[in-house]
1. Do you know which of the residues in the stretch 102-127 that are surrounded by fewer than 19 Cβ atoms within 10 Å (Cβ to Cβ) and in a helix (DSSP H, G or I) is nearest to the chain's Cα centre (by Cα)?
2. So, of the residues in the stretch 178-213 that are surrounded by 15 or more Cβ atoms within 10 Å (Cβ to Cβ), within 14 Å of the chain's Cα centre (by Cα) and not hydrophobic (A, V, I, L, M, F, W, C), which turns out to be nearest to residue 284 (Cα to Cα)?
3. Within the stretch 224-241, can you find the residues that are under 20 Å from residue 97 (Cα atoms), in contact with a strand residue (DSSP E or B) (Cβ under 8 Å, 6 or more places away or on another chain) and open to solvent by 10 Å² or more (accessible area, probe 1.4 Å)?
4. Could we say that residue 86 is in a helix (DSSP H, G or I) and open to solvent by less than 20 Å² (accessible area, probe 1.4 Å) here?
5. I'm trying to understand the selection: among the residues of the stretch 146-177, which are open to solvent by 60 Å² or more (accessible area, probe 1.4 Å) and under 18 Å from the mean Cα position of the chain (by Cα)?
6. Based on what the data block shows, is residue 99 over 15 Å from residue 231 (Cα atoms), buried (at least 20 other Cβ atoms within 10 Å of the Cβ) and touching a strand residue (DSSP E or B) at 6+ places or on another chain (Cβ under 6 Å)?
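The values are calculated or read from the model by the stated rules, or taken from the named source; none is laboratory data. Just so we're clear, the structure is a prediction, and the values are computed from it rather than from any experiment. Neighbour counts are summed over all protein chains in view; Cβ atoms, including those assigned to glycine, are modelled from backbone coordinates with ideal geometry. Heavy atoms of the whole protein, side chains included, go into the accessibility calculation; ligands, DNA and RNA do not. Shrake-Rupley method; radii C 1.70, N 1.55, O 1.52, S 1.80 Å.
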Amino acid sequence: MLKSTDLEGHRPTEFSAYWSLDPQITFLNHGSFGACPFPVLEVQEQVRQQLEREPVQFFVREFEPLLDQAREQLAQFVGVDGRDLVFVPNATTGVNSVLRSLQFNPGDELLTTDHEYNASRNALEFVADRADARIVVAPVPFPIASKQEIVDAVMARVSEKTKLVLLDHISSQTGLIFPIEEIIQQLSQFGIETLIDGAHAPGMLPLNLSEIGATYYSGNCHKWLSAPKGAAFLYVRGSHQQKIRPLTISHGANSPRTDKSRFQLEFDWTGTGDPSAYLSVPAAIQFMGSLLPGGWPELMSR
C-alpha cells in the first residue's frame, strides 16, 4: 500500500514519484486530459510489446479475450452489465456514435442546457441540421442554491416534441454535478431518451449506471481514472443497442457470429488500431484504488 499524506492541503509528495508531471507544477486539471501514472504506463507498454511480438496472433487470437476481460472489470467499476458496454477512444466519440445513429424528423426537439460541452453541442447541431430538427436550450443558473433548480430548468423546456435530452453529468465549464438520476426518472415518464455526456465522472464520482437509468452514457477513463489517453466507454441500454452503430462501419456489420451482440461485434473492431489504452484500464482501476487505505471512495473524496 502506498503512503498517504496529511489531508490539510499538503502536496502528496509520496505519490509524485508515480507520475512524470513537472515537479514545479501542482497539477490539478485531470479534467482536461488527465495524467497517467508510471505503473499503468508500464502495463500499456507490456501490451504493446505483446502486440508487436506477433501482431497477427495478437489481433486474431489474443485481443478479444483481453478486451472482454478489460470490459468486465470496467463494467463492474461503473455498475453495469458488461454486455451493455463497449470501448471508444473518448467520450465525444461515444456521444457522436449515438447522435449520428439516431433518426430524427423535421420538427423534433433535441433538448440540452447552456452548460453543455462544446464538442457535444456541435454534434447535436450537426444531427439537428441534417434532420431539420430543433435544438432547445434550457438555461441553468450558476451558481445554484439547490439541485432542484437544475431539474426544474430542464423539465420546463420539455414538450410533446422532445425526442432526446443531452446532458453533462459534470459540467465542464462550471464543475456542477447535474442530478441526472432525478432528471432521467422524470423524463422516462414521458418516454424521452437520455444521452449523458459523462466525460468527467468516472473516477471522480461513484458510478452505478444501472441505477442512473440513462438510455445512453459515454464516459472517459483517461481523466480522473488516470488510464492512458484514448480510453473511454459507451453504455447503451440493451433494448436500444440494435440502432446504435459505430462511426466506422467495419467487419462486424455482417458478422455471422451469434455468441455476441452486433453492438459489441461492431464497436469492438472498427479497424486496426492500438488497443493498449483500453486493455490498461483495469490496471488504472487497481492502481488508483490502491493509493489510499480507503480505496476508491477515499480517493474520490480526496
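1. So, considering only residues that are surrounded by fewer than 19 Cβ atoms within 10 Å (Cβ to Cβ) and in a helix (DSSP H, G or I), the one nearest to the chain's Cα centre (by Cα) is 119.
2. Selected residue: 203.
3. Initial filter on the stretch 224-241 (under 20 Å from residue 97 (Cα atoms)): 229-241.
Then drop every residue that is not in contact with a strand residue (DSSP E or B) (Cβ under 8 Å, 6 or more places away or on another chain), which leaves 231-237, 240.
235, 237, 240, listed by residue number.
4. Considered against the rule, which asks whether it is in a helix (DSSP H, G or I) and open to solvent by less than 20 Å² (accessible area, probe 1.4 Å), residue 86 comes out as no.
5. 173, 177
6. Details: over 15 Å from residue 231 (Cα atoms): yes; buried (at least 20 other Cβ atoms within 10 Å of the Cβ): yes; touching a strand residue (DSSP E or B) at 6+ places or on another chain (Cβ under 6 Å): no.
When the stated conditions are applied, residue 99 does not pass them.
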